[in-house]
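Here the structure comes first, spelled out in structure tokens, and everything after it is commentary.
The values are calculated or read from the model by the stated rules, or taken from the named source; none is laboratory data. Computed from a prediction, not measured in an experiment: that's the story for all the values here. Here the Cβ positions follow ideal geometry from the backbone for every residue, glycine too, while neighbour counts run over all protein chains shown. For accessibility, only protein heavy atoms count, side chains too; no ligands or nucleic acids. Shrake-Rupley method; radii C 1.70, N 1.55, O 1.52, S 1.80 Å.
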Amino acid sequence: MTTTTAGAPLTAGGRVRSGAGLRQTATMAWRSLVAVKHNPLELVDYSITPIMFVLLFTYVMGGQMAGSPDAYLKYALPGIIVQNTLFMTIYTAMALNTDLTKGVFDRLRSLPIARSAPLFGRIAADLVKHLWAIVLMIALGLVLGFRITGGFGGFLLGVLLIILFAAAVSWCAVLIGMLAGDAEKVQAFGFTLIFPITFTSSAFVVVDTMPGWLQAWVNVNPVTHLSDAFRGLLLGGEVGRPVMWSLIWAAGIAVVFHPLALRAYRAKA
């Protein structure tokens, strides 16, 4: 037996049916994406910042790091995209924290929708924004001389891998967003965590150039595996081992932080 409240099919126990929950999640994701039209400045973080990353790393560091901007772009662009994607997961945490402190969840809680719909909708919308930033940075790289020698299939698999990893890391971001007192603390904690992880990796420099004691960490750093995997898929290099470890890290992060994030979300929202 089912009942319907305000157009949302409910089970006899008052829970939202799975099909309705998926539609509500899609609606919440669309709500987040449509908000960009009314607040174009939101695109700055997802467009201008990635462009700045590519230009600054290529033309400021390229000559010193690889002898020429073109040579460095070929090595660093995949790592720049990985770094930018990880940074952007902090926006998920900040948005959730803002919705929480401004009472958005209190208003949504009064509606006959699945409790998880606002959370999953936000994550889904932000993954679409991740995809936009990745494509934008690749397009800029192509204009600057970067070439995808691993084929179109390698490009698609690389983008899929980045999105899967971002989805896993998003649960860590959700936990931070639920536990932090305000958006400023979310940003401070997130950047403090991501900066050392991304820069102590193979994203921007060859591991062999680092001190031996640092290489021990860099070689197990998930950002190293993800950067190497994406670079290999785009350029046609080694992919088996780095892809495997990237997927293992993504699964491990999701297994640890998914239940913790959901518990914190239920307690707050």
Carbon and sulfur %, accessible surface of region 40-174 computed with the full protein complex present, 1.4 Å: 71
Among the lysines, which fall within straight-line cross-link reach of Lys37, defined as a Cα-Cα distance under 16 Å, with same-chain neighbours fewer than 8 residues apart omitted? Lys129
Of the listed values (1) 17.7; (2) 13.3; (3) 15.9, grab the one calculated as mean projected area of the Cα convex hull in nm² from the structure here. (3)
Rounded to the nearest 500, the 222 nm mean residue ellipticity computed for the chain from DSSP H runs (n ≥ 4, each -39500 (n - 2.57)) alone is -25000 deg cm²/dmol
Taking N as the number of residues in region 155-269, what is its Cα Rg relative to 2.2 N^0.38 Å? 1.17
Got a sec to turn the phi values of region 144-153 into Karplus ³J(HN,Hα) couplings, 6.51 cos²θ - 1.76 cosθ + 1.60 with θ = phi - 60°, whole Hz, x for Gly and Pro? 7, x, 5, 10, 8, 8, x, x, 5, x
Net charge contributed by nearby residues that have their C-beta within less than 15 Å of Gly141 (K/R +1, D/E -1): +2
Average accessible area per residue (Å²) across the chain - probe 1.4 Å, nucleic acids and ligands excluded: 49
Extension gain, Trp217 back to Ile163 (0.36 nm per residue minus Cα-Cα distance, nm): 17.0 nm
Full-extension gain in nm, Arg263 to Val135, via 0.36 nm per residue minus C-alpha separation: 42.7 nm
Checking Leu234, Leu142, Leu175 against a Gaussian network model of the chain (alpha-carbon springs below 10 Å), the top fluctuating residue turns out to be Leu142
Per residue of region 72-79, what does 6.51 cos²θ - 1.76 cosθ + 1.60 with θ = phi - 60° give for ³J(HN,Hα)? Whole Hz please, x for Gly and Pro, Karplus curve as stated. 6, 4, 4, 7, 8, 4, x, x
Using DSSP to call loops (not H, G, I, E or B), can you name the trypsin sites (Lys or Arg not before Pro) in region 190-269 whose Cβ has at most 15 other Cβ atoms within 10 angstrom? none
Count the net charge of all other residues whose Cβ sits under 14 Å from the Cβ of Ser170, scoring Lys and Arg as +1 and Asp and Glu as -1. +1
Let's see if you can work this out: charge +1 on each Lys and Arg Cβ, -1 on each Asp and Glu Cβ, no other charges. What is the dipole magnitude of the chain about its Cα centre, in debye to the nearest 20? 1060
The answer for trypsin sites (Lys or Arg not before Pro) in region 128-197 that fall in a DSSP coil and have at most 12 neighbouring Cβ atoms within 10 Å is Arg147
Principal axis box of region 33-138, alpha-carbon based, largest edge first, Å: 60, 23, 21
Which of the trypsin sites (Lys or Arg not before Pro) found in region 27-113 are in a DSSP loop and have at most 15 neighbouring Cβ atoms, other than their own, within 10 Å? Lys102
Using C-alpha positions alone, give me the convex hull volume of region 216-260 per residue in cubic angstrom. 67
Starting from the Cα-Cα distance between Val104 and Arg31, subtract it from 0.36 nm times their residue separation and give me the gain in nm to one decimal. 25.0 nm
